[in-house]
There are 2 protein chains.
Amino acid sequence: MERKNLIVGQSGGPTAAINSSLAGVYVGAKELGIDTVYGMRYGIEGLLKENIINLDDTLESTLNVELLKRTPSSYLGSCRYKLPEVKKGDEVYEKIFEILDKYNIGIFIYIGGNDSMDTIKKLSDYAKINGSKIRFVGVPKTIDNDLPVTDHTPGFGSAAKYIATSISEIVRDSNVYDLKSVTFVEIMGRNAGWLTAAAALAKNKSNDGPDFILLPEIGLDLKKFIGILSDRMQTKGNIVVAVSEGIKDTNGHHISEDECNVDAFGHKMLSGTAAFLAKKIKTELGVKTRAVEINTLQRAAAHLQSKTDIDEAFNIGFLGAKAGIDGNTGVMMNFERVENSPYLSIVKKCDINLVANIEKCIPGEWISEDGFYVNEHFIQYAKPLIMGELSNIVCDGIQSHIKSL
Amino acid sequence: MERKNLIVGQSGGPTAAINSSLAGVYVGAKELGIDTVYGMRYGIEGLLKENIINLDDTLESTLNVELLKRTPSSYLGSCRYKLPEVKKGDEVYEKIFEILDKYNIGIFIYIGGNDSMDTIKKLSDYAKINGSKIRFVGVPKTIDNDLPVTDHTPGFGSAAKYIATSISEIVRDSNVYDLKSVTFVEIMGRNAGWLTAAAALAKNKSNDGPDFILLPEIGLDLKKFIGILSDRMQTKGNIVVAVSEGIKDTNGHHISEDECNVDAFGHKMLSGTAAFLAKKIKTELGVKTRAVEINTLQRAAAHLQSKTDIDEAFNIGFLGAKAGIDGNTGVMMNFERVENSPYLSIVKKCDINLVANIEKCIPGEWISEDGFYVNEHFIQYAKPLIMGELSNIVCDGIQSHIKSL
């Protein structure tokens, strides 16, 4: 390899595991002989401004590497920048490759979700038509777990563990009074219900878990749901419903759309699904209702990381660096599950064209017949991903993070 | 002591520590020679329906005692029932004492907040004027930390640890994009800002913590706040504001009151303070804003208990049982702080009349001069209470609880 250096960036929404992948990229690159590992601040957008740092400055310390693995959000910062269509001589691409040349970059790693894989695809396509030897490798991350090809995405396991734990606590909290109540818990996921489905992992011998799970994959027949809910409340006083922020009615319209025009939030449009349902059910059934929006906490809760997730995130980052060094480009690293029990996944790589801009939803056969829960297929799939706890590094009572850049 | 048995109940809102006090009452009572320890379901309301269980059935198992300490919410169930004024011959009181006689109760322990201490006061007063020898002892709990006399209340430390940890994560989450933004995090506490102030514990060498803390003790001058916020944003892009659900304007009106009439929640009136501020600041300063309501999660988050809190909750329950056995009645158990560093508190008891129906707010001299933060006095007070982590008992990736009744 002529070029000596590697640059890595993070993009899209924060997760509790994306920094572990960054740690993996750094450690892998250094162990495999890369001279300098650069980080781009705020993803490709920062790169265009030449906002670039040398990661040796902070990550040569192994304690900092461990802290980085336990730090939520994106250490390098993130962006939501979509590259233009690939065209020879395009100004944006020329600028990017000029900067990469200047820093003697041989390998470009981007850690992110759907949009980030689109960036890898475009940059590798551009390199190809321009004869550049820079290698472009995508490392997946998203709490939404909606990337195709890969069995699952880093970040999902930790968010799912947080959801399951929080739901188990909300279930306990909800049955404290001797009355009839329905608690709606709103969970992230606009088109894919993976995280909302993770609420089912709260169910065990000492906890009922949620009573219903409303997924965006299934059009919600509100009238039918109210009937089934009403029936259930004949025998059970306090009900907990996990609901995706993105659920739609049977016509494909977001159920809270009408309300959005009159709400007092100033929020993005889909927020308020739980609040909408809480109001509706209170009116229809005359019972106490509550809306709990787990919100940004679910993607940032590094204090409750899944060890499986953090280890896998690190490894897929490490092997992403290796894939670049080995000469691969235009690929995304992915997990292939070998066994459910005992759980074993291995890291592979796939053509980026199979991934970019495609969303993976929960298979229909993993959803219960009435559409209001998930079945054992989902549980077997998801349970291994939330297993294990990291040894928290705690100072003054709260988990330590790496110092912000 | 003629009577052989003890009955214990829980009342008011759930916390992550109230069950540890229940465990302490049970273990203390058994170790000190009580025959049978009964639990009333749903507090005094359940007692009136003779909804009573024998706690030996579940708590003779030491594993169950450990699980109980790690279970959030109220194991026995709760109520918000206010006893009528004490009057000889009153039907409600006659019924209560009749049931206590039937179960041969010598000691009545009630674990709860302000209202529960009112119950202890009234029952002990009634016993006095009727010559009953039953002893009534209050064991404090409330995440709000607003009981007088006691240095702090069980439940506050764990909720404060959760708030501080979550805020530190939200701060990381908020600065991921290269833009101007303000995130409002709404925290429980209507009249006392103890929990909101706990956000300050997120600040350390690697985390900025919240930039502002808006407390209900201070009337919010919105115009002044917007000015200071705008100044701060000249030098800092992403701002996090911890805000109490109960903050009022300088005239003593809840700042979101006007909005409540038109909101789409169906919630209790004060909800939506963060949403109100997010909307207001977006309009006034033209920056991206977000509202995060931590909601019920902060009182139920048993997965992040403070070991100091859980140990103290257990001990104060244990010593509450002992106080009753020793002949005390009409008392609440309380903490007296001996040292801040190294931290040491001891358990005492005080006259229930000093406690019932009185709210304790943050002292003015613990709040920063401009009214938008807390100072070192608060930090020294609160930090010891969030210290230490419990060894979680985890099955299938999530913390185990005792089986629901």
Check your understanding: All but one of (1) touching an Asp or Glu at 6+ places or on another chain (Cβ under 6 Å); (2) over 30 Å from A:I167 (Cα atoms) hold for B:S132; which doesn't?
Key -> (1)
Practice item. Please tell me if B:M332 is in contact (Cβ under 8 Å) with a residue 60 or more places away in the chain, away from chain A (no Cβ under 14 Å) and within 27 Å of A:R172 (Cβ to Cβ). Key: yes
Point to revise | Candidates A:I346, A:I362, A:I379, filtered to the one that is closer than 22 Å to B:G397 by Cβ and in contact with a Gly (Cβ under 9 Å, 6 or more places away or on another chain) | key: A:I362
Check your understanding: Do the conditions hold for B:H303, that is, is it in contact with a helix residue (DSSP H, G or I) (Cβ under 9 Å, 6 or more places away or on another chain), within 14 Å of chain A (Cβ to nearest Cβ) and part of a loop (DSSP other than H, G, I, E, B)?
Key -> no
Practice item. May I ask you to say which residue of B:F318, B:F378, B:F314 is more than 19 Å from B:G24 (Cβ to Cβ), among the aromatic types (F, W, Y) and part of a helix (DSSP H, G or I)? Key: B:F378
Exercise for review: List every residue pair whose Cβ atoms sit under 6 Å apart, with the two residues 6 or more apart in sequence or on different chains, where the first one lies in region A:274-290 and is at the interface with chain B (Cβ under 8 Å from one of its Cβ atoms) and the second, anywhere, is among the basic types (K, R).
Suggested key: A:T289/A:K282
Practice item. Report whether or not A:V347 is closer than 29 Å to A:K30 by Cβ and either buried (at least 17 other Cβ atoms within 10 Å of the Cβ) or more than 14 Å from chain B (Cβ to nearest Cβ) (or both). Key: yes
Review point. Any idea which of A:A323, A:A264, A:A302 is at pLDDT 95 or above, aliphatic (A, V, I, L, M) and within 30 Å of A:S174 (Cβ to Cβ)?
Key: A:A302
Check your understanding: Taking the stated definitions as given, is A:K128 under 23 Å from A:L354 (Cα atoms) and either assigned by TED's automatic domain parsing to the domain that holds A:E50 or of a type in the set (G, A, S) (or both)?
Key -> yes
Review point. Which members of region A:210-241 meet the condition of being among the charged types (D, E, K, R) and over 23 Å from the mean Cα position of the chain (by Cα)?
Key: A:D211, A:D221, A:K223, A:K224, A:D231, A:R232, A:K236
Review point. When you go through (1) buried (at least 18 other Cβ atoms within 10 Å of the Cβ); (2) more than 30 Å from A:G77 (Cα to Cα); (3) among the acidic types (D, E) one by one for A:D309, which number turns out not to apply?
Key: (2)
Check your understanding: Can you pull out the residues in region A:167-210 that are more than 11 Å from every other protein chain (Cβ to nearest Cβ), farther than 15 Å from A:V292 by Cα and part of a loop (DSSP other than H, G, I, E, B)?
Key -> A:K180, A:G189, A:R190, A:N191, A:A192, A:G193
**Study point:** Which numbered condition A:A160 fails, given (1) crowded, with 24+ Cβ neighbours inside 10 Å; (2) over 19 Å from A:A23 (Cβ atoms); (3) more than 13 Å from chain B (Cβ to nearest Cβ)
**Key:** (3)
Exercise for review: Evaluate the following for A:K279: is it modelled with pLDDT under 95 and assigned to a helix (DSSP H, G or I)?
Suggested key: yes
Point to revise | Tally, over region A:381-398, of residues that are in a loop (DSSP other than H, G, I, E, B), closer than 30 Å to B:K383 by Cβ and of a type outside the set (D, E) | key: 6
Review point. Taking region A:223-237 only, how many residues are in a helix (DSSP H, G or I) and either out of contact with any helix residue (DSSP H, G or I) (no Cβ under 9 Å at 6 or more places or on another chain) or surrounded by 14 or more Cβ atoms within 10 Å (Cβ to Cβ) (or both)?
Key: 9
Review point. So which of A:S368, A:S341 is out of contact with any helix residue (DSSP H, G or I) (no Cβ under 7 Å at 6 or more places or on another chain) and at pLDDT below 95?
Key: A:S341
Revision key, fill the gap. By residue number, the members of region A:142-166 that are assigned to a helix (DSSP H, G or I) and of a type in the set (D, E, K, R) are A:K161
Review point. Can you spot a residue in region A:361-382 that is touching a strand residue (DSSP E or B) at 6+ places or on another chain (Cβ under 9 Å), of a type outside the set (K, R) and under 24 Å from A:F136 (Cα atoms)?
Key: no
Point to revise | For A:N357: the one exception among (1) closer than 20 Å to A:D144 by Cα; (2) surrounded by 14 or more Cβ atoms within 10 Å (Cβ to Cβ); (3) in contact (Cβ under 8 Å) with a residue 40 or more places away in the chain | key: (2)
Review point. Within region A:236-254, can one find any residue that is out of contact with any Phe, Trp or Tyr (no Cβ under 9 Å at 6 or more places or on another chain) and at pLDDT 95 or above?
Key: yes
Check your understanding: Are any residues in region B:367-405 of a type in the set (V, I, T), more than 9 Å from chain A (Cβ to nearest Cβ) and surrounded by fewer than 19 Cβ atoms within 10 Å (Cβ to Cβ), and if so, which ones?
Key -> B:I379, B:I393
Review point. Looking at (1) more than 14 Å from chain B (Cβ to nearest Cβ); (2) modelled with pLDDT of 95 or more, which is the only condition A:E359 fails?
Key: (2)
Study note, to complete from the structure: Scanning region A:112-141 for residues that are touching a residue at least 40 places away in the same chain (Cβ under 8 Å), assigned to a loop (DSSP other than H, G, I, E, B) and away from chain B (no Cβ under 14 Å), the one surrounded by the most Cβ atoms within 10 Å (Cβ to Cβ) turns out to be A:I134
Check your understanding: Taking region B:185-208 as the region of interest, how many residues are touching a residue at least 60 places away in the same chain (Cβ under 8 Å), in contact with a Cys (Cβ under 8 Å, 6 or more places away or on another chain) and surrounded by fewer than 24 Cβ atoms within 10 Å (Cβ to Cβ)?
Key -> 2
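The values are calculated or read from the model by the stated rules, or taken from the named source; none is laboratory data. Everything numeric in this text was worked out from a predicted model, so none of it was measured. Here the Cβ is made from the backbone with ideal geometry for all residues, glycine too, and neighbour counts use every protein chain on show.
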